[in-house]
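Down below is the structure, laid out as structure tokens.
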Amino acid sequence: MKILVIEDNESVSSMIELFFEKEGIDGEFVKDGLEGYERASSEDWDCLIIDWMLPGMDGVSICRKLRQSKSPVPIIMLTAKDSESDQVLGLEMGADDYVTKPFSPLALMARIKAVTRRYTVSKKPEQDETVLKTEHFTINTMTREVLLDGEPVPNLTPKEFDLLQFFIQHPKQVFSREQLLDRVWGYDFYGDDRTVDVHIKRLRSKVSKAKQPFFHTVWGVGYRFDETIGDSE
């Protein structure tokens, strides 16, 4: 596995580098954001790990420019920012996941495995169901396009698409945040389930209609997808 780490904090980079060596991962480390973007956009990588605050070009800008160029590489953001608005911004720019500093190498490795596994699966030509259809939605799992009542839904991040597809394949079933982390993110729960809430909030804003919120909060449990209910709980 070949991973580019764009991080200007030497202690963080050293920690990741030592862990990569232990795991047999080919890691390349860059301190400057502009240099990191140039390498990320001109070379092939299995995953990018990008710090939020960088000299030259910040991590959010790197992520945005890569997604504008249709780069399919998995991206994990490293951030000391812990507010929901900051997390939303990173995810909205196309990051697949984020890790809040300080973090353990094991937690980072779990997320690396999850995002790279998901991209590998999405590239496989064999799909049980290429097109999923419900009363309101049509999803093409190969092209990752979504139609809502016949109209394209633009600007879905990779994770938002994965979450929507999962719920559509399991209508009316209630899932806890921990279950969604395991089934959609693909890693064991490490104590921060707010990423689920952030993605649900963004997904609601992009696909919910005036009388059809689609995603419903089941208080004390989690979330469910239901096209037959007109009001969210």
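The values are calculated or read from the model by the stated rules, or taken from the named source; none is laboratory data. Worth saying up front: this structure is predicted, and the values here are computed from it rather than measured. Don't worry about glycine lacking a Cβ; one is built from the backbone with ideal geometry, like all the others, and counts go over all protein chains shown. Quick note on the areas: whole protein, heavy atoms, side chains included, nothing else; ligands and nucleic acids left out. Shrake-Rupley method; radii C 1.70, N 1.55, O 1.52, S 1.80 Å.
Numbers for the structure displayed
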read-out	value
Failed condition for residue 233, given (1) out of contact with any strand residue (DSSP E or B) (no Cβ under 6 Å at 6 or more places or on another chain); (2) at pLDDT below 90	(1)
Subset of the range 30-50 (residues that are over 22 Å from the mean Cα position of the chain (by Cα) and buried (at least 19 other Cβ atoms within 10 Å of the Cβ))	30
Number of the condition not met by residue 81 [criteria: (1) modelled with pLDDT under 90; (2) part of a helix (DSSP H, G or I)]	(2)
Within the range 34-49, tally of residues that are over 17 Å from residue 19 (Cβ atoms) and not in a helix (DSSP H, G or I)	3
Subset of the range 8-30 (residues that are assigned to a helix (DSSP H, G or I) and among the acidic types (Asp, Glu))	10, 17, 21, 23
Tabulated pairs, the range 24-44, first closer than 17 Å to residue 70 by Cβ, second open to solvent by 60 Å² or more (accessible area, probe 1.4 Å) and part of a helix (DSSP H, G or I), C-beta under 8 angstrom, 6+ apart or interchain	37/65; 41/65
Cβ-Cβ under 8 Å pairs, at least 6 apart or on other chains, the range 151-167 side farther than 24 Å from residue 177 by Cα, far side aliphatic (A, V, I, L, M) and open to solvent by 30 Å² or more (accessible area, probe 1.4 Å)	153/147
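Conditions tested, residue by residue: (1) out of contact with any strand residue (DSSP E or B) (no Cβ under 6 Å at 6 or more places or on another chain); (2) surrounded by 18 or more Cβ atoms within 10 Å (Cβ to Cβ).
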position	(1), (2)
140	no, no
147	no, no
163	yes, yes
166	yes, no
182	yes, no
194	yes, no
198	yes, yes
211	yes, no
220	yes, no
